[in-house]
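The block underneath contains the structure these notes are about, expressed in structure tokens.
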Amino acid sequence: MKLKTLLKALSTHDDYLQNEDPEILELEIDSRLVTKGTLFFCIKGYQTDGHNYAKQAVENGAAAIIAEDDLDVEVPVVYVNDAHLALAMISDYFYGQPSRSMNVMGVTGTNGKTTVTHLIRSIQEEANVSTGLIGTMGMKYKDQFIPVNNTTPESYLVQRYLKKMKDEEIQSVVMEVSSHALYQGRVRGCDFDIGIFTNLTQDHLDFHKTMKDYLYAKSLLFSQLGNTYDLKHPKAAVLNIDDPATKIYRHMTAAPVWTYGIVNHADFRAEDIKITANGTEFRLVTKTGCYPVSMNLIGKFSVYNVLASLLACYLKGIKIDQMIKTIEKVKGVPGRFETVNAGQPFTVIVDYSHTADSLENALETIKEFANGKIITVIGCGGDRDKTKRPIMAKTAVDRSDLVILTSDNPRTEDPEKILEDMEAGVVNRDYIKELDRRKAIKLAVQKADKSDIILIAGKGHETYQIIGTTKFDFDDRLVAKEAIKERYNR
Ligand SMILES: CC(=O)N[C@H]1[C@@H](OP(=O)(O)OP(=O)(O)OC[C@H]2O[C@@H](n3ccc(=O)[nH]c3=O)[C@H](O)[C@@H]2O)O[C@H](CO)[C@@H](O)[C@@H]1O[C@H](C)C(=O)N[C@@H](C)C(=O)N[C@H](CCC(=O)O)C(=O)O
Ligand SMILES: Nc1ncnc2c1ncn2[C@@H]1O[C@H](COP(=O)(O)OP(=O)(O)OP(=O)(O)O)[C@@H](O)[C@H]1O
Ligand SMILES: N[C@H](CCC[C@H](N)C(=O)O)C(=O)O
Ligand SMILES: [Mg+2]
């Protein structure tokens, strides 16, 4: 596509380009990945400034550059006020506005996004709606898997893969939309049909600074559903009625609001919830009837995730009976309340709870069916919200018989310091401290008696541990299995 044609996506003048109008073959924000004919965007980041790499981009073949600041390079430069916004709008246009011709669902909230996106994909695929997935565990469609660095990738990657999915005749895409992504405009230009809200509890205050800012960032998904109601392309907001933020989000959108919940009256409501170690039963109550549901997923929080998924798919025309059949078959999402079985006489659960709220939910769920001690292994990630650390440690100690505080992904922080931040929440309380996560898991396994439950929290599906800037192989599930084998000399 010609540069001048692409610029139609922006309300900018192209007079100063005079006769220069190169053909643009690809879009990129990383100079190291630029190839011949690329349009390179200079993004001012949190670590460095993309303008510093404009020359390298040109050396690598960039045909033109989008920049905010003056540049002295030998290819045409288009100056804009906000290169990030330009990236989102141009990407949408360059890749043929794929989101407009697919059913795109966005899921936001502190916890449950990955789970809800996976559940929706299962329900839709079972109903023969080919569905693509974008989120923490990568991008997936048909038999394709593309790893990601971010839960919600940068806008040009979102649009690039939406187009690939559309070309492969994917009908629907369900995407996790993180608050970082909303704030940074990674999904601007994305035409969502349904916006889903799971819940809002404390996380990411390193980035958003206040809960109010965090709440506001998430609201952008709902304001993005449109300012006027579009009869040809009806949209909907699917909100958790039991979360206080819903009171605000319902006013942020012109789209019809549908609600789900357990406590308050809702369009999709769960009653009579029974939780066991093997699954959960409840009654789904809707305007059209009551439906018994018996599923493998465990916990009240899982009921919320299922309600959100059922309601979103119901709005896309899938029959409730059919959806329930799928939900009853779903085994769960890797690393979310995943049990590790190596023949041991106690239970080991690996869960991705990395916030105080998710940890509380996991432990309260375990308490519902625990017959023995609850042993929790927990750490907090480095280069992330420091204020959640003491709260997470307290949450664990308050709800467990034994807690082993350990490292998560320390990243560039000193692991000892991260543990000190956690310990501030559990002064004068009993716990064990073991910096080495492998040793901490082994210790938990050694200390467990028959019928006890070990919760290994924080890293779920992750198959690595980031120490400094290096990613080492590490999988809580494999380490737990090793430890069990070692204990029983197998
Ligand atoms: C804080 C944050 O959001 N950072 C994101 C941001 O990186 P950054 O601003 O640090 O980038 P930078 O290193 O300063 O580089 C600036 C520019 O220079 C360019 N550059 C840099 C070096 C070079 O040699 N050449 C070059 O062109 C870079 O490509 C970039 O365009 O832009 C990058 C590219 O899009 C992201 O990958 C990166 O996410 C990092 C990995 C990250 O950790 N993000 C987390 C906080 C995050 O976004 N998490 C949410 C999930 C949260 C949740 O819900 O739990 C997510 O959606 O993933
Ligand atoms: N609806 C929910 N409410 C509270 N906690 C939940 C809910 N769903 C899942 N959890 C907890 O949060 C953990 C993470 O779940 P999930 O990966 O689905 O969330 P996420 O929002 O995708 O997280 P991330 O922000 O890391 O992408 C789970 O392991 C579980 O402990
Ligand atoms: N999406 C979350 C994941 C946290 C997972 C935890 N293991 C950690 O590393 O802190 C984040 O980037 O904050
Ligand atoms: Mg996720």
For this session: State the number of residues belonging to the stretch 359-377 that are of a type in the set (K, R) and either assigned to a helix (DSSP H, G or I) or without any contact (Cβ under 8 Å) to a residue 60 or more places away in the chain (or both).
Result: 1
Problem set entry | Identity of the residue in the stretch 435-490, on the phi > 0 side of the Ramachandran plot and within 14 Å of ligand 3 (Cβ to nearest atom), that ends up surrounded by the fewest Cβ atoms within 10 Å (Cβ to Cβ) | G468
Exercise. Restricting attention to the stretch 191-199, does a residue exist that is within 18 Å of Y352 (Cβ to Cβ), out of contact with any His (no Cβ under 6 Å at 6 or more places or on another chain), away from ligand 3 (no atom under 13 Å from the Cβ) and outside the structural domain of T355 (by the TED database)?
Worked result: yes
For this session: Please go through the stretch 192-216 and pick out each residue that is surrounded by fewer than 21 Cβ atoms within 10 Å (Cβ to Cβ) and either of a type in the set (A, V, I, L, M) or more than 22 Å from M392 (Cβ to Cβ) (or both).
Result: L205, M211, L215, Y216
For this session: For the stretch 458-474, name all the residues that are under 17 Å from the mean Cα position of the chain (by Cα) and closer than 21 Å to L405 by Cβ.
Result: G458, K459, G460, E462
For this session: Taking I120 as the residue in question, decide whether it is among the hydrophobic types (A, V, I, L, M, F, W, C), more than 15 Å from ligand 1 (Cβ to nearest atom) and not in a loop (DSSP other than H, G, I, E, B).
Result: yes
Exercise. Out of curiosity, is V78 part of a strand (DSSP E or B), away from ligand 4 (no atom under 16 Å from the Cβ) and modelled with pLDDT under 95?
Worked result: yes
For this session: Any chance you could count how many residues in the stretch 127-143 are away from ligand 1 (no atom under 12 Å from the Cβ) and either touching a Leu at 6+ places or on another chain (Cβ under 9 Å) or within 14 Å of V306 (Cβ to Cβ) (or both)?
Result: 4
For this session: Count, please, the residues in the stretch 276-292 that happen to be in contact with a strand residue (DSSP E or B) (Cβ under 8 Å, 6 or more places away or on another chain) and either surrounded by fewer than 21 Cβ atoms within 10 Å (Cβ to Cβ) or polar (S, T, N, Q) (or both).
Result: 10
Exercise. In this structure, does V187 turn out to be outside any helix (DSSP H, G or I), buried (at least 23 other Cβ atoms within 10 Å of the Cβ) and either free of Cβ contacts under 8 Å to residues at least 60 places away in the same chain or within 13 Å of ligand 2 (Cβ to nearest atom) (or both)?
Worked result: no
Exercise. Of all residues in the stretch 175-194, which are within 16 Å of ligand 4 (Cβ to nearest atom) and over 13 Å from the mean Cα position of the chain (by Cα)?
Worked result: R186, V187
Problem set entry | Residues located in the stretch 282-333, provided they are of a type outside the set (A, V, I, L, M, F, W, C) and either on the phi > 0 side of the Ramachandran plot or assigned to a loop (DSSP other than H, G, I, E, B) (or both) | K287, T288, G289, N296, G299, K316, G317, K319, K331, G332
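The values are calculated or read from the model by the stated rules, or taken from the named source; none is laboratory data. Because the structure is predicted, anything quoted here is derived from the model rather than measured. All Cβ positions, glycine included, derive from the backbone under ideal geometry; neighbour counts span all protein chains shown.
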